[in-house]
1. Need a quick list: helices (runs of 4 or more DSSP H) entirely within the stretch 26-97 having at least 1 residues that are open to solvent by 30 Å² or more (accessible area, probe 1.4 Å) and polar (S, T, N, Q).
2. Given the structure, is F104 closer than 27 Å to L279 by Cα, modelled with pLDDT under 80, not in a helix (DSSP H, G or I) and not charged (D, E, K, R)?
3. Hey, any hits in the stretch 116-138 for a residue that's in contact (Cβ under 8 Å) with a residue 40 or more places away in the chain, aromatic (F, W, Y) and closer than 21 Å to T214 by Cβ?
4. Return the residues of the stretch 1-25 that are at pLDDT 85 or above and not in a helix (DSSP H, G or I); say none if nothing qualifies.
5. For the stretch 5-22, does any single residue satisfy the condition of being among the aromatic types (F, W, Y), more than 30 Å from G285 (Cβ to Cβ) and open to solvent by 40 Å² or more (accessible area, probe 1.4 Å)?
6. Before we move on, is L314 under 27 Å from Y25 (Cβ atoms), in a helix (DSSP H, G or I) and of a type in the set (A, V, I, L, M)?
7. Out of the residues in the stretch 174-186 that are at pLDDT 70 or above and among the polar types (S, T, N, Q), state the one that is least open to solvent (accessible area, probe 1.4 Å).
Amino acid sequence: MVIRRFPFALVCVAAGLVLAVAMPYGIATGSTAITFETVIAAFLGPDLATLFGLEPANKPMTKIILDLRLPRMILAALVGGGLAVVGGLLQTATRNDLADPFLFGLSSGAAAGAVFVITVTGDFLGIWTLPIAAFLGGLLSASVVLVLVTRTIHTGPERLILAGLAVSFLFTAITNYLVFAGDQRAAHSVVFWSLGGLGLARWETIGFAIASFTLLMSFFAFRRRALDALLAGDDTAHSLGVDPKKIRVEIFIICAISTGLFVALVGVIGFVGLMIPHLARAVVGPLHGAMLIVCALFGAVLVVLSDIVSRLLLAPQELPIGVVTAALGAIFVIFLVTRKRVR
C-alpha cells in the first residue's frame, strides 16, 4: 500500500484536529440531541457559562454530557489508539500484513473470559470482575500461543501465525459453548461482547483503558529501537544485539495484557488493529518512533467516528460499533488483496 509520505508533525496535527472536532460532535450526538452551546456550557459550569453569555446547562443535561458521553468519547479514543498500536506491534513481530489481535487469539481469549463470567459466575467482584476475567482470558490465549511456538527450536513468524489461528478458533469454540450451555438470559450481554460497544463507558472504568494504553506506549518508548531492528529480519536483529525470540515474547505479553483490558471494557471491536498500521506506515514510514504514534492517533479517530456512525445509522437505536469497523475492515482487506500487497 503506497500513499504519499507526509511530515510526521503535519500528520499528527491533522489527526489531532480531526479528533478535536469529532469528540465534541460525538458528545453532542445521540438519542438526546444536544447543541454545541450546551456542551460548552456544561464544561464551563453555570458561572463561567453565564459570564460568556451562554445559557447554563441544566442538571440532567450536564449529567448526560459529563457522566455519560464524555467518558464514552475518551474511552473510544483510548481503545481505538490502543488496538491500533497492538496491531502495529503484532505486524512487526510476525512480518505479516494481516496480523491483529483476532489473528492470534488475543481478542477471542479475552472475550471467552468475559463471556464465562457473564454466563457462569456472575459479577462476584463488582466492576473488577469483567476486566480481570477478560485479562486472564487474553493472557491465557497468549500463553498457549507462546507455549506452542517455544516448543520448537526456532520461533519464526510463520509458526506464530499458525499457532495464533489455532488458538483463536479454540477460544471461539469455547465462547460458543458457553453461550449455549450458560444462562440464556445473558444472551444480550454476550452479543455485546461479540460485536463491541461503548455503552458501558463510565468514569469508574476509564482507568483500565488509561492503564492499558500507557502500558503499550511505555513499551514502545523503551523498545522502539529493538522493534526497528526486527523490521530488518532476524539475522540483522541478532547482529544489532537484539534477540528476536525475546522481543516477540515481550510483544505478545504486552499485547495480551492490553487487549484483555480493552475487550473487558468494550467487547470485541475488530479490524482496527489490522487497518490502521497500514495507513500509518503509508504516510510516515515503517520506523516505530513515528509509526506507532500515528497509529494511536488514527486509531482514536477511527473508533470515535465509528461510534458516531453506529449511533446515527439506526437512531435512536444504537448499532454495535463492531459492525461498522467490520464493514470498513472487509473493504480494506479487499483493497489490500487487489493491490497484491498482502504477504
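The values are calculated or read from the model by the stated rules, or taken from the named source; none is laboratory data. Predicted model, so just to flag it, every value in this text is computed and none were measured. Cβ sites come from the backbone with ideal geometry, for glycine too, and all protein chains shown count toward neighbours. Calculation scope for accessible area: heavy atoms of the full protein, side chains included, ligands and nucleic acids excluded. Shrake-Rupley method; radii C 1.70, N 1.55, O 1.52, S 1.80 Å.
1. It comes to 36-51, 59-63.
2. yes
3. yes
4. Answer for the stretch 1-25, where residues must be at pLDDT 85 or above and not in a helix (DSSP H, G or I): just P7.
5. For the stretch 5-22, residues among the aromatic types (F, W, Y), more than 30 Å from G285 (Cβ to Cβ) and open to solvent by 40 Å² or more (accessible area, probe 1.4 Å): absent.
6. Considered against the rule, which asks whether it is under 27 Å from Y25 (Cβ atoms), in a helix (DSSP H, G or I) and of a type in the set (A, V, I, L, M), L314 comes out as no.
7. T175
Condition check ((1) open to solvent by 20 Å² or more (accessible area, probe 1.4 Å); (2) in a loop (DSSP other than H, G, I, E, B); (3) at pLDDT 70 or above) across all residues:
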| site | (1), (2), (3) |
| --- | --- |
| L148 | yes, no, yes |
| T152 | yes, yes, no |
| G164 | no, no, yes |
| T172 | yes, no, yes |
| H188 | yes, no, no |
